[in-house]
Each structure stands twice: as structure tokens, then as C-alpha cells.
Amino acid sequence: MSDASLKNLKTSNLKNMNTSFDDIRPYNDEEIPAAMERIANSQMLPLLASYVCPDKSLEEVRQMLHGFKTTDDFQRGIMYQVNEQIKHKSITKFTYSGAEQLEKNKAYLFVSNHRDIMLDASLLQNLLVDIGLQTSQITFGANLMMNPLVIDIGKSNKMFRVERPGGSIKEFYKSSLHLSEYIRHTIVGQRESVWIAQRNGRTKDGNDQTDQGIIKMFCMSKTENKIAALQELHIIPIAVSYEWESCDILKAIELYESRTVEKYIKKPGEDLNSILTGILQPKGRVHFHFCKGINELDLMQFNDCTHNEYHKQVARLIDQRVIDAYRLYPNNYIAYDMRYGQERFTSHYTLEEKQRFEKHLAKLEHYSDNIDVLKDILLAIYANPLKNKLRAQQEIA
């Protein structure tokens, strides 16, 4: 099928989309001009324009927004540039691998480890464009829908609403089923890919672990056949690796504070601070790897399991592929040796790299008197990916 035919199919399907998804779906093309008008008139536009289009006047940016008629226009005209600016200003080298297994006109469910609120999914979109594929739809946590401008930008960027767990069991089941049906509709019906994190919320401690509840949710919309339920979604795990962990100090502080209270409650503006920190913080080298897809042969080995065990085993399989593909950097080896009082991996880093990491570690002294505990938490964030690889290698052996 040609690109034009595929786009027409998607447009037709979108126009005829069951209105039961109107509460969570992204904007369709007919809604883009009105959204662009609202963004163009936003009080925040001057600040956004200065970052995204520093070489254009404010009026030129407004005219550009008014010219966007589709989500594709907005993504390629604005969001692609946003991501390129982020890469230029905060990433020293951006690489990827595994893309050769992706087929051009096939829709996938990208299940990714989750290290940064925005960038894990956002950088993927540029990567998909660069390798000649269509962008994916993206999960959009309801907690991040902070104001009308964020909603307009997100829904124009093919982001769809996902509710956080809460309320009664009945309400959570209903929202999970709704989400499952929408994901299946998007991939199977619209033939459009979807990005989702492997768990609810970011990995804060460096342990990439898939929530089996996510796998259960995928299956809810096709309960009659658990193998087909996952097979037809074409799951591709993605391993995202940052040389300098996104929001590492903020994560360490949150984990430290979580130990001192019964339940950690986010402060007002904390999510926005994490988004901005993730964008601006130097990240060094960043690598994306498209892991081997979860195919029928993988799933059939769990066919005799109970549903609960089936979800658990598939989650473990995704974990294995993400951990195996996670790219380690000198910081990971340095943190492991420092945390465990060893010199086991000194061949993987230089003295200069260790001194740079120690200087970064010293920044924690500004945040707490209990510096030893805070440093241990930050060391664990970097050491755990290596620790998990070592454990996986022992299990295989």
C-alpha cells in the first residue's frame, strides 16, 4: 500500500472513529486549525517561539502556526524542530539501532522503558521520521494536562489521554478497558503505531521493570484469545539509555523524601519542573534500541499459563530484552564500583570521567544534611542498570 493510500485509510478511519473515544483521543486534522489559533494567541507563545524558532520573529511563528492544517504539519513544522533543538543543546551524540526490523507500513505497540517524562516518546518521533516511518500516537498522562495550552500542544502532537490509577476498582477497570480498546483500535483498525511506557510513571531508581498490569490491560480488549490479543499488537520493546540520567538529582531527592513519609505526594509544579529539567539538563550520549518484537513463538511458550502468570511472563520477557539492550556508559561502571567499594570495572572508564562523575555527585550537598544516604541513592540510579545486566547474565549462564 502506498503512503498516500495509507494516509487516506487513516483519515477515513479517524473521521469514522467511534465517538466513545472522544474523551481520550488526540485531535483529528479538522480540529488542528482551531488548536493552532489558540496556541498562536497564547501568552506563552513568545517564550516558546524564542526556544523553538530563535531565527524567526513572533509574527512569523504565528503565521507558520496558522498555516498548519494537519497533525503531520504540526509535528513536522514544530515538534520535529523542538526535538532537534533539544538534541543540539543538551545531547552530545544521539544514536539508534535495531530499526532494520521495522516494516514501513506496519503498526507497532512500542513499549519503552521510561526515564524522562517527555523525551523518551518525543525523541522517538523524530527517529521514526528520520528512518522513513510514520510517527506514533503517544500516551498522555492526565496528570500532565496542566492547562489548555499543554492540552492543545499535546493533542496536536498525537497524544491521547491516560488516567492514573485512582478511584474505585470499578472505575479503574472501566478506564483500563477503555484504554485497551483504544490502543487496539489505533493499531489494528487505524494501522497507526502507539508508544506507551512499560510502567505507570518514570523509573526513578534505575530499575527498568514492566508492570504486568500493563500487559493485562493490553489483553482486556480481546479476552477470548490471550495469544492473539498480544500478537496482533506487534509489541516492540524499546531500550532508551541516557549517559546522564534525566532529572537524576530530582529523582534522588524524591526517593530520599519517600523514605521519610508514609506516602510521597508531589508538590505543585513538580511535573512541570521535571519536564523542563529533562529538556534543559545535559544528557551526554543518548541511544535508542528497537528490541526484537514479541512474536507468536514467544507468546506460545506461555500458552498453558494462567492469565495472571501469562501477563507476568510476558512482562519479564520485555524486561529481559530491555535490560539486554540497555547501553551502559562510563557513569554506570563508575557508580557500581563506588557503591560497592570495588575496582572491578576500572577498564570501562578513565580517571577524568570518574572525577567528572564525582563532581556531579557533590551537587547533592546543597540539598540535604544526610548526604551519605542521598549519594547512595544517586549511585544506585546509575549502578542498577549494570547490576541488572550482571544478574541477567548469571541467570542465562
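Quick notes
- Solvent-accessible area of the stretch 319-368 (1.4 angstrom probe, protein heavy atoms only): carbon and sulfur portion equals 43 percent.
- Under-5 Å amide H pairs with Ile138, H placed in peptide plane, nonlocal only: Met159, Phe160, Trp195
- Share of carbon and sulfur in the accessible heavy-atom surface of the stretch 223-293 [1.4 Å probe, %]: 59
- Phi-derived couplings, Karplus 6.51 cos²θ - 1.76 cosθ + 1.60 at θ = phi - 60°, listed residue by residue for the stretch 54-61: x, 8, 10, 6, 4, 5, 5, 5 Hz, with x used for Gly and Pro.
- Share of carbon and sulfur in the accessible heavy-atom surface of the stretch 59-113 [1.4 Å probe, %]: 47
- Of the labelled figures [x] 37, 25, 19; [y] 48, 24, 18; [z] 33, 28, 20, only one reflects semi-axes √(5λ) of the Cα gyration tensor in Å as derived from the coordinates, namely [z].
- FRET efficiency estimate (nearest 0.05) - Cβ-Cβ, Leu390 to Glu31, R0 41 angstrom: 0.25
- Compactness of the stretch 332-397 as Cα Rg over 2.2 N^0.38 Å, two decimals: 1.21
- Full extension of the segment from Gln85 to Val261, taken as 0.36 nm per residue of separation minus the current Cα-Cα distance, would add 59.5 nm.
- Values of log10 I(q)/I(0), in the order q = 0.11, 0.13, 0.19 Å⁻¹, for the stretch 36-137 under a Debye, Cα-only, solvent-free model: -0.40, -0.56, -1.05
- When each of Lys87/Lys263; Lys56/Lys89; Lys155/Lys359; Lys155/Lys389; Lys204/Lys312; Lys170/Lys387 is checked by Cα-Cα distance, pairs over 29 Å: Lys87/Lys263; Lys155/Lys359; Lys155/Lys389; Lys170/Lys387
- Distance in nm between pseudo-label sites at Thr19 and Tyr173 (7 Å out along the Cβ direction from Cα): 2.8
- For the pair Asp72 and Gln355, a Förster radius of 45 Å applied to the C-beta separation gives a FRET efficiency near 0.45, rounded to the nearest 0.05.
- Per residue accessible area in Å² of the stretch 185-330, where ligands, DNA and RNA are left out and the probe is 1.4 Å: 43
- Here the Karplus relation 6.51 cos²θ - 1.76 cosθ + 1.60, evaluated at θ = phi - 60°, turns the backbone of the stretch 19-28 into coupling constants of 5, 5, 9, 4, 6, 10, 5, x, 5, 8 Hz, with x for every Gly and Pro.
- Heavy atoms of the protein chains alone define the surface here; on that basis the stretch 61-134 has 39 Å² accessible area per residue at 1.4 Å probe size.
- Distances between every pair of Cα atoms in the stretch 175-290, grouped in 5 Å steps from 0 to the bin holding the largest one, split as 2, 9, 15, 18, 15, 14, 13, 9, 3, 0 percent.
- With a Förster radius of 35 Å applied to the beta-carbon distance between Gln63 and Gln101, the computed FRET efficiency rounds to 0.30.
- Within a Gaussian network of the chain (alpha carbon springs, distance under 10 Å), most fluctuating of Ile138, Ile153, Ile117: Ile153
- Each residue, Arg164 and Glu232, gets one label point 7 Å from its Cα in the Cβ direction; the gap between the two is 3.3 nm.
- Three-way shape label, the stretch 284-397, alpha-carbon gyration tensor, a/c 1.5: prolate
- Along principal axes, Cα extents of the stretch 218-261, largest first, whole Å: 45, 30, 11
- Selected from Asn331, Asn41, Asn126 as most flexible by GNM, with the chain as the system and alpha-carbon contacts under 10 Å: Asn41
- Gaussian network model of the chain, Cα within-10 Å springs - most flexible of Glu352, Glu59, Glu103: Glu352
The values are calculated or read from the model by the stated rules, or taken from the named source; none is laboratory data. For clarity, every value in this text was computed on a predicted model and none was experimentally measured. Because the Cβ atoms are built from the backbone with ideal geometry, glycine has one as well, and the counts that use them run over all protein chains shown. Note: areas computed on protein heavy atoms with side chains; ligands, DNA, RNA excluded. Shrake-Rupley method; radii C 1.70, N 1.55, O 1.52, S 1.80 Å.
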